[in-house]
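Note sheet for the following structure.
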Amino acid sequence: MSAANWRNAMNAGAGRAAMLNRGATVALPAPRQLSFQWPRIGARHIAALVFLGAFPWFATPFFTYQIAAQSLALGLIALSLTFLAGYGGMISIAQMTIAGVAGYLMAILGASAVAEISLKWPWWLAVPLALAGSIIAAAFIGWLSVRTEGIYTIMITLAVGVAFYYLCLQNYSVFNGFQGFQQVYAPTLGGVNFREATPFYYLALFWSLAGYFFVKYLLRAPFGIALQGIRDNARRMNALGFNVTAHRIAAYAVAGAIAGVGGVLFTWYNGLVTPGSVGTSWMINILVIAVLGGMRHPIGAFLGAIVFVLLQTFAIDMIDRERFNLVIGVVFLAIVLFSPDGLLGWWAGLKTKLTPRGGMR
């Protein structure tokens, strides 16, 4: 059952409710009656997978690691925001904070240059505990913010993110203050050193594909369809018997798992985690990445990340490093003004204009 069909069912629900008020016996749909449809994998998906799989074989290590791997890690964090905002109607500024929770927990529980704080647990124990911490943190933020809407949700999540930033900045006994944790490296597994460019790229690619297909699967599952119904009309969904608050908190927890994986990868990419990794600039950057690609498309998070990383890497060659935020702001403003659905929305509109009427699409 697609989201459009679900909205039609919701519109029809008003008529059924009126019949119930007149004494008619019409059963309202139960959550278990929602059907599931597998995502379709077409030729373009296969071509994209082949290109991504072969990318390190024709690209330089710089593009493999600095551009592609970094984009995949940031894309995962932005994907968590796309899932929340695009399909749950909840804009969270704290997704980089959740990713930072995973990064800090991995540095504290695992190994780093700060030997007096890090516990030096094996990575196969530290990483799952870090992801569990990010899920708990996301569920807590969701519990605080799901009862609000609009600007109030944004302000609550922003306040939580700023509070965590100052906690990391001023606490030395646990978070090591402004220095953070250096030498937080990816492990070596089966003789493969994931600190190298190509292995780390494939590691980031694997988890990015897993996150992308998981979101695509979830959006067609009963939970995802119900979440989109709550986004469109929360009161009607509550009248139909759905626990709106529980669904929203669960969505935050799912987004926290995705952001946590991205946070672990981003920490391994940088080799460190500091208060600057969870500052307001990075919180806003994740929002910019999600909007650039398109909030209504899971793939848009990765497209926005690629554009952001390319601008971040090469814009400083044309302008001063201090002017980078000006370039990002101009690009962001242009996207919002001319294509509210991001780059994918602009591309879809361009294809519509170029396609002759009556022709095949």
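Bear in mind these aren't lab numbers, they're just calculated from the coordinates by the rules spelled out. Predicted model only: the values in this text are computed from it and were never measured. As a convention, Cβ positions derive from the backbone with ideal geometry for all residues, glycine included, and neighbour counts pool all protein chains shown.
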### Task
Pop out the ³J(HN,Hα) list for the range 292-298 in order, Karplus 6.51 cos²θ - 1.76 cosθ + 1.60 with θ = phi - 60°, rounded to Hz; leave Gly and Pro as x.
4, x, x, 5, 8, 9, x
### Task
Would you please put 293-304, 111-122 in order of how densely packed they are, using the mean number of other Cβ atoms within 10 angstrom per residue and starting with the highest?
293-304, 111-122
## Note on the structure
If amide H atoms are modeled at 1.01 Å from N in the peptide plane, then the residues at a separation of 5 or more from Leu272, or on another chain, having amide H under 5 Å from its own are Val184
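If the chain between Ala221 and Met155 were fully stretched, how many nm would it gain, using 0.36 nm times the residue separation less the Cα-Cα distance? Write down the numbers at each step before the final one.
Working: separation 66, 0.36 × 66 = 23.76 nm, distance 3.05 nm.
Between Ala221 and Met155, full extension yields an extra 20.7 nm.
Expected output is a single nm value to one decimal: the length gained when fully extending between Arg147 and Phe314, i.e. 0.36 nm times separation in residues minus the C-alpha distance. What is it?
On the way: separation 167, 0.36 × 167 = 60.12 nm, distance 4.19 nm.
Full extension from Arg147 to Phe314 adds 55.9 nm.
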### Query
According to a simple spin-label model (label point 7 Å from Cα along Cα-to-Cβ), what is the distance in nm between Leu119 and Phe62?
4.1 nm
### Message
At 0.36 nm per residue, and after removing the present C-alpha to C-alpha distance, how many nm does the segment from Leu209 to Leu333 gain when stretched out fully?
### Response
41.7 nm
### Query
Among 181-192, 196-207, 127-138, how do they line up from the highest to the lowest mean number of other beta-carbon atoms within 10 Å?
127-138, 196-207, 181-192
